[in-house]
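K.L.:
This is the structure I want to talk about, given as structure tokens.
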Amino acid sequence: MTRYRNGGLFLTLCLIWGTTFVAISAGLLHFPPVLLAAFRYDLAAVLLLAYVYHTEAAWRPRGRNEWAEVAVGAVFLIAAYHAFLFTGQQYTTAATAAIIVSLTPILSAGFSRVFVPEYSLTPIGVGGLLLGVAGVVVIARPDPANLLSSDVVATGLIFCAASAMALGSVLSRRIESSLPTLTMQAWAMLGGAILMHAVSASMGEPISVGAWTHPEAIGSLAFLVIVSSVLGFFLYFTLLENLGPVELNMVSYVAPAIAAVVGWLYLGDEIYPSTVFGFVLIAVGFVLTKRRFIARELSTLKAEQTAD
């Protein structure tokens, strides 16, 4: 019964996070990108902070390590990731953004090699990393005569988003902290939102309150706050405890398919053959990079099924 419950939660999370990229594209029709990301986490942080205040004994960070963990989350996992993602997604489809973001686990392995001395990539792992990066290049379809085309710039910005997420994940694992994960996320959301408001102001993003009252604008922001951020993170951390990080990483490879279908139905997005081929390269790169962990998870799952 637990296996079926986890499977249902996994599919729900895939549906939520796949649709999230479509909600971002819809919101970008009405909001400036960094300001939209800041609004998303203003509201999500308030909701999550209220929750952890009433449910967690350690509802706020204490000590240098806990604040350092929050700072890494605010800078890399929230502010940098979402500022780059939302800005890049103005110029590409939801599915393309989801596919490039699926490179994150591969980039995490690369950053781990740099920042965690005991972690080493084998030649096959290095090949997987290069294959994933090649997938991004295929998706970008760079034209040597026009390397600043909107497709290339969008891909580059979203690649920066995935890199920020991967780097933040690796750095946060190096910090010894007993802060509950939800508490860290809540404070990181708040700090990241403040940083993004500062970036938005420095960029001179226009403030058009009239555009924000459009039903689609309200609906996309509500989805991003309540469904994607709050419900999505609850499901993620529930599944992280039940499934483990390797199996949960597969969300990144189901979400693009959902983003493609929903984007086609709602926004009329096109899917190019090069985008599909790039996704295949990234998925194969993930399998090569994480093959040991995948084999371990499959062995554990097989043992559990035999025991049942």
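Read-outs throughout are calculated quantities, based only on the coordinates presented, and are distinct from any laboratory measurement. From a predicted model like this one, the values you see are computed outputs, not experimental measurements. Because the Cβ atoms are built from the backbone with ideal geometry, glycine has one as well, and the counts that use them run over all protein chains shown.
K.L.:
Extension gain Ile226-His214, at 0.36 nm per residue separation less the Cα-Cα distance, in nm?
P.N.:
Going from the current span to full extension adds 2.5 nm.
K.L.:
Averaging sequence separations of C-alpha pairs under 8 Å and six or more residues apart, then dividing by the length of the stretch 1-113, give the relative contact order as a whole percent.
P.N.:
42 percent
K.L.:
While we're looking at this one, here's another question. Exposure proxy check: Asp42, Asp269 ranked by fewest other beta carbons within 10 Å?
P.N.:
In increasing order of surrounding Cβ atoms, one gets Asp42, Asp269.
K.L.:
With springs connecting C-alpha atoms under 10 Å apart, model the chain as a Gaussian network and identify which of Ala257, Ala198, Ala26 has the largest mean-square fluctuation.
P.N.:
It is Ala198.
K.L.:
Let me understand the chain better: what is its radius of gyration from the alpha carbons, and its Dmax, in angstrom?
P.N.:
Cα only, the chain: 19.2, 61 Å (Rg, Dmax).
K.L.:
With runs of 4+ DSSP H residues as the only contributors, calculate the mean residue ellipticity of the chain at 222 nm using -39,500 (n - 2.57) per run, divided by the residue total and rounded to the nearest 500.
P.N.:
On the way: 16 runs with 231 residues, N = 308.
Value at 222 nm, helices only: -24500 deg cm²/dmol.
K.L.:
Another question, if that's okay. Which of Ala44, Ser229, Val170 sits farthest toward the positive end of the charge dipole of the stretch 19-307, with +1 on the Cβ of Lys and Arg and -1 on the Cβ of Asp and Glu?
P.N.:
Val170
K.L.:
Right, next: Of the candidates His54, His82, His197, which one comes out as most mobile in a Gaussian network treatment of the chain with C-alpha springs shorter than 10 Å?
P.N.:
Answer for the Gaussian network model of the chain: His54.
K.L.:
In addition: Order 173-184, 202-213, 28-39, 97-108 from most to least packed using the mean count of other Cβ atoms within 10 Å. The partial results should precede the final answer.
P.N.:
Working: 173-184: 16.8, 202-213: 11.4, 28-39: 22.3, 97-108: 27.0.
By packing density, highest mean first, the sequence is 97-108, 28-39, 173-184, 202-213.
K.L.:
Let me ask another. Give the residues of the stretch 164-186 whose amide nitrogen is closer than 16 Å to a point set 7 Å from the Cα of Asn65 in the direction of its Cβ.
P.N.:
171-181, 184
K.L.:
Could you work out the relative contact order of the chain? I mean the mean sequence separation of Cα pairs under 8 Å and 6+ apart, divided by the number of residues, in percent.
P.N.:
Relative contact order, the chain: 40 percent.
K.L.:
Of Tyr253, Tyr91, Tyr272, which is the most mobile in a GNM of the chain whose springs link Cα atoms less than 10 angstrom apart?
P.N.:
Taking springs between Cα atoms under 10 Å, the residue moving most is Tyr272.
K.L.:
Using label points projected 7 Å from each Cα along Cα→Cβ, tell me how many nm separate Ala201 and Tyr51, to one decimal.
P.N.:
Result: 2.9 nm between the two label points.
K.L.:
Using +1 at the Cβ of each Lys and Arg and -1 at the Cβ of each Asp and Glu in the stretch 19-307, identify which of Val133, Ala161, Asn65 lies farthest towards the dipole's positive end.
P.N.:
Farthest towards the positive pole: Asn65.
K.L.:
Need the full-extension length gain, Ala58 to Thr238, defined as separation in residues times 0.36 nm minus the C-alpha distance. One decimal, nm.
P.N.:
This chain segment gains 62.9 nm when fully extended.
K.L.:
Would you list the membrane-span-like helices of the chain, meaning whole DSSP H runs whose alpha-carbon atoms span at least 27 Å along their axis and whose mean Kyte-Doolittle value is at least -1.0? Before the final figure, lay out each step's value.
P.N.:
Values: long enough: 2-27 (36 Å, 0.78); 33-55 (33 Å, 1.30); 150-173 (35 Å, 1.33); 181-203 (32 Å, 1.10).
Passing helices, by number: 2-27, 33-55, 150-173, 181-203.
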